[in-house]
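A short reminder: the numbers here are calculations on the coordinates, not readings from a lab. Quantities reported herein were computed from a predicted structural model and do not represent experimental measurements. Glycine gets a Cβ as well: all are built from the backbone with ideal geometry, and neighbour counts include every protein chain shown.
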Amino acid sequence: MGRGRKRRQRGAGRHGRRFTVDVRVLDLEVAKGHDGLLRGPPDPAICLGLFAVHERRATPLGRAVVRVRLTTKTGPERASVDGEPPVRTKFTFPTGSSVVVVMVALEEDSGHAVRDVFAALGDVEDLCLWRPDRDVMPLHVNTLDDVVAPAGAAVGVDVAHTADGRGAFVGDKWVGAGVVRLPVQDGRFERTVRFAVTAPDGKNEWTVGVGVRWR
């Protein structure tokens, strides 16, 4: 068989590597919180979307909604989130792929916007993702280089569920959204990404810690 032939690494193939990827909310830091006059603490709902991006095409890998319980009405407060990762999947990543995580933070009231954001994160054909100072560009037609620079840094974005970027999620209070792109590398990888978001009215100011790992 030839002793000089190098053994192929476990999980390696001619066209990519297969990894188990998991994403989870680790903690939520609330600098300012608000749920309305004469009401209790905010009700954070953190929506996560996990994608593989390769050659100008995004593939949805998983999504989840994580609800965080707070005890103070206005902050500051730091809440840890325990339990199993809500998004975990196995996927063969072609060479040159990136893992992309989209995080949307909402203060939940009716739950309608939470439901709609969750649906949007599973529909790359109509999911729009863009920086507020840039033109609207659907996630599925670009490698996110226009949105995320440099790779590995969390960037604030706007999100819509129509191909032209119009329309809004209603029924819950929008706090903010962010995206991070992580180039897939060989071997184990683990990183905590911190998304800092502030509601348009300035009444909720949160930092969401999200753990991303593959192995």
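Length available on full extension from ARG134 to SER110: 0.36 nm per residue minus the Cα-Cα distance, which gives 5.6 nm.
Backbone N atoms of region 116-137 closer than 16 Å to the 7 Å Cα→Cβ label point of VAL170 belong to residues 116-117. Counted by Cβ distance under 12 Å from ASP35, the other residues give a net charge of 0, where Lys and Arg count +1 and Asp and Glu count -1. Other residues lying with their Cβ under 12 Å from the Cβ of ARG69 contribute a combined charge of -3, Lys and Arg counting +1, Asp and Glu -1.
The relative contact order of the chain comes to 26 percent, based on Cα pairs under 8 Å that sit 6 or more residues apart.
If each residue's Cβ is checked for other Cβ atoms within 10 Å, how do VAL117, VAL170 rank with the fewest at the top? Numbers along the way, then the final one.
Numbers: VAL117 25, VAL170 10.
Going from least to most buried by this count: VAL170, VAL117.
Just add up the charged neighbours of LEU106: K/R +1, D/E -1, any other residue whose Cβ is under 11 Å from the Cβ of LEU106. Surrounding charge for LEU106 is -3. Using the Cβ-Cβ distance between ARG57 and ARG188 with R0 = 25 Å, the FRET efficiency computed as 1/(1 + (r/R0)^6) comes to roughly 0.45. Each of ARG39 and THR89 was given a label point 7 Å from its Cα along the Cα-to-Cβ line. The distance between the two points is 3.2 nm.
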